[in-house]
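> One structure, pasted below without further comment.
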Amino acid sequence: MEWALASGGWIHQRVEAIDARDPAFRFLAVPDPFRRGTWFPGVRRLEERHPLRRTTRSELACSASWRLALWMAADAMERHGIEQVLMLEDDAGACMAAPHTWPFVLDEVVAAADRESTRCGIPWTLIQLAPTHAGVRRQLHQQWKTYGSSALLPHKEEIRSHGNSAVLVHRRALTHLAFSRAPDPSARLQWLRHPWPVRPVADKWIYALMPARSVRVLAFPLFCPDASGSQLHPADVAQFHHPSRTATLDLWRNDGLDALLDAQGRWDAIGESDEPAGKPQ
């Protein structure tokens, strides 16, 4: 990730994750009886394949890490007058090495989101840049190829695919997270309040906290998933992440995006040569 960000010339800050493997940490998810949360396809626990399963330590640690990162983003935007922050996990960053070869720049994505907000009368808060499901990626890409910029940012209410690999966060989104104080990454007890119908996993409760019709999904598969070492959902890697990766690389080849394919090859080579990470980031 450091190679990709440096190669692309991005100003960035690394956030160290709260490690689920550290036995000193305890995680307590507290459902808020007064918050139902905004509905998105598949966001509520009863819509999951296994609604009665127990939320894992890894999922709770990931949510605690996202809470910390979002608070840091809120602080940075306040101090520096920044309107948007791009937040990335460490499994989909190859495209960041070659932003000059993207089919569009992030400013165009923001401008499209602003136009759609004006049209529908609801300011946008988040843009999910990397939905996980392979079929959804193909469908959205085809719509973008057919209809152009008007199909670049569909509403998340229309898309059943989660994933937090890459999220563009507007400053106004942070007001809905209701930070009462700065999260303490060293606190041995990590409290996580969440809307009661929604499992406290990062790629669901963050979106569920946003107002209806304020979340968008990027139609173009810009970020290629690389979750082979996932500690969160190892059983889902073969079912969801690998097909999504294959679909993304196929779409890049079909669109002639050789620079992105080259960047992904370099990313993969770095990953194969690295020692196993001691802590998730």
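> Is it the case, given these coordinates, that residue 122 is surrounded by 14 or more Cβ atoms within 10 Å (Cβ to Cβ) and farther than 30 Å from residue 270 by Cβ?
Spelling it out, residue 122 is indeed surrounded by 14 or more Cβ atoms within 10 Å (Cβ to Cβ) and farther than 30 Å from residue 270 by Cβ.
> While we're here: Hey, any hits in region 136-152 for a residue that's without any contact (Cβ under 8 Å) to a residue 60 or more places away in the chain and in contact with a Ser or Thr (Cβ under 9 Å, 6 or more places away or on another chain)?
Yes: region 136-152 contains one or more residues that are without any contact (Cβ under 8 Å) to a residue 60 or more places away in the chain and in contact with a Ser or Thr (Cβ under 9 Å, 6 or more places away or on another chain).
> Are any of the residues in region 2-18 crowded, with 18+ Cβ neighbours inside 10 Å, within 17 Å of residue 200 (Cβ to Cβ), of a type outside the set (Lys, Arg) and in contact with a Ser or Thr (Cβ under 7 Å, 6 or more places away or on another chain)?
Yes, the conditions are met somewhere in region 2-18.
> Out of 101, 55, report the one residue that is over 17 Å from the mean Cα position of the chain (by Cα) and either over 30 Å from residue 151 (Cα atoms) or not β-branched (Val, Ile, Thr) (or both).
Exactly one residue qualifies, and that residue is 55.
> Out of 109, 105, 167, report the one residue that is among the β-branched types (Val, Ile, Thr), under 20 Å from residue 257 (Cα atoms) and touching a Leu at 6+ places or on another chain (Cβ under 8 Å).
Step by step, each of 109, 105, 167 is checked, and only 109 is among the β-branched types (Val, Ile, Thr), under 20 Å from residue 257 (Cα atoms) and touching a Leu at 6+ places or on another chain (Cβ under 8 Å).
> Separate question: Looking at residue 81, is it surrounded by 18 or more Cβ atoms within 10 Å (Cβ to Cβ), farther than 25 Å from residue 157 by Cα and at pLDDT below 95?
In short, no.
> Taking region 160-194, which residues are within 28 Å of residue 119 (Cβ to Cβ) and assigned to a strand (DSSP E or B)?
Those that are within 28 Å of residue 119 (Cβ to Cβ) and assigned to a strand (DSSP E or B): 166, 167, 168, 169, 170.
> Quick one: which residue in 134, 113 is among the hydrophobic types (A, V, I, L, M, F, W, C) and at pLDDT 95 or above?
113
> If we scan region 196-205, do we find a residue that is surrounded by 22 or more Cβ atoms within 10 Å (Cβ to Cβ), among the acidic types (Asp, Glu) and either assigned to a strand (DSSP E or B) or in contact (Cβ under 8 Å) with a residue 24 or more places away in the chain (or both)?
Yes; the residues of region 196-205 include at least one that is surrounded by 22 or more Cβ atoms within 10 Å (Cβ to Cβ), among the acidic types (Asp, Glu) and either assigned to a strand (DSSP E or B) or in contact (Cβ under 8 Å) with a residue 24 or more places away in the chain (or both).
> Go through region 137-161 and give me each residue that's buried (at least 22 other Cβ atoms within 10 Å of the Cβ) and at pLDDT below 95.
161
> Restricting attention to region 10-35, which residues are within 23 Å of residue 127 (Cβ to Cβ) and either in a strand (DSSP E or B) or of a type outside the set (Gly, Ala, Ser) (or both)?
Scanning region 10-35 gives 10, 11, 12, 13, 14, 15, 35.
> A further question follows. Cβ-Cβ distance below 8 Å, separation of 6 or more or different chains: which pairs start in region 177-191 with a residue that is within 20 Å of residue 207 (Cα to Cα) and surrounded by 13 or more Cβ atoms within 10 Å (Cβ to Cβ) and end on one that is among the small types (Gly, Ala, Ser) and modelled with pLDDT of 85 or more?
177/74; 179/74; 183/64
> Follow-up. Exactly one of (1) at pLDDT below 95; (2) under 28 Å from residue 269 (Cα atoms); (3) polar (S, T, N, Q) is unmet by residue 63. Its number?
Unmet for residue 63, out of (1) at pLDDT below 95; (2) under 28 Å from residue 269 (Cα atoms); (3) polar (S, T, N, Q): (2).
The values are calculated or read from the model by the stated rules, or taken from the named source; none is laboratory data. Computed from a predicted structure; not experimentally measured. Heads up, the Cβs are rebuilt from the backbone with ideal geometry, glycines too, and the neighbour counts pull from every protein chain shown.
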